[in-house]
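Presented below is the structure to which this report refers.
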Amino acid sequence: MMFLKSARIISGGLLFGLMWFSFPGPVFAEDPKSKDLIGNLIIPDVVARVNGKPIYSKQIKFRLVRMLKQINPPVDLTQKGRIIRALIDKEVVRELVYHEGKSRNLTVDSETVEKEMEALRSAYKSEEEFQEALQKREITVDDLKRSMGVDILTLQLLEKQVKGNVEVTD
């Protein structure tokens, strides 16, 4: 019984973390000031590998810049290092959960991914503007689709594991 409570807490924490940090949301062009926010940090191109799949620094840098824009006062180099490690950890967990979903034969419907892509594209005035934003962020449409697929599959797995195991009490 204690295991179930721990699993629920972990699943809830994972669900929150995955939803908060992994959903790509709108693709924003990289702000020229982002280099000022990162400073002199040198982050290798590949920051981790999960089952042979690389996690690239561009994913971490994008999330780092988004976080640093929201934090006041500015953080020092040590704090940035901690944030980067936490972001890498979250990406590793996201990938592990994705792989677990794949091992349980969960699949992502390509139609669902296409609907998400259309919703994302609609935030832009034109296809050219959308492509320009992708280029500035240094990602491709395929990168974005894969990321959406990971998020959708991850949510499927968490829903499947949590559904029926949640007890609501007064």
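Only helices (runs of 4 or more DSSP H) whose full extent lies in the stretch 84-170 are considered here, and the ones with at least 3 residues that are in contact with a helix residue (DSSP H, G or I) (Cβ under 8 Å, 6 or more places away or on another chain), open to solvent by less than 60 Å² (accessible area, probe 1.4 Å) and within 22 Å of ASN51 (Cβ to Cβ) are 141-162.
Per-residue answers, yes or no, for (1) exposed (fewer than 13 other Cβ atoms within 10 Å of the Cβ); (2) under 14 Å from the mean Cα position of the chain (by Cα); (3) at pLDDT 85 or above; (4) assigned to a helix (DSSP H, G or I):
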{"site": "GLY12", "(1), (2), (3), (4)": "no, no, no, yes"}
{"site": "GLY17", "(1), (2), (3), (4)": "no, yes, no, yes"}
{"site": "PRO24", "(1), (2), (3), (4)": "no, yes, no, no"}
{"site": "PHE28", "(1), (2), (3), (4)": "no, no, no, no"}
{"site": "LYS69", "(1), (2), (3), (4)": "yes, no, no, yes"}
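Quick check: is even one residue across the stretch 87-106 without any contact (Cβ under 8 Å) to a residue 40 or more places away in the chain, over 25 Å from GLU138 (Cα atoms) and of a type outside the set (Asp, Glu)? Taking every residue of the stretch 87-106 in turn, at least one turns out to be without any contact (Cβ under 8 Å) to a residue 40 or more places away in the chain, over 25 Å from GLU138 (Cα atoms) and of a type outside the set (Asp, Glu).
The values are calculated or read from the model by the stated rules, or taken from the named source; none is laboratory data. Predicted model only: the values in this text are computed from it and were never measured. We place every Cβ from the backbone using ideal geometry, glycine too, and count neighbours over all the protein chains shown. Heavy atoms of the whole protein, side chains included, go into the accessibility calculation; ligands, DNA and RNA do not. Shrake-Rupley method; radii C 1.70, N 1.55, O 1.52, S 1.80 Å.
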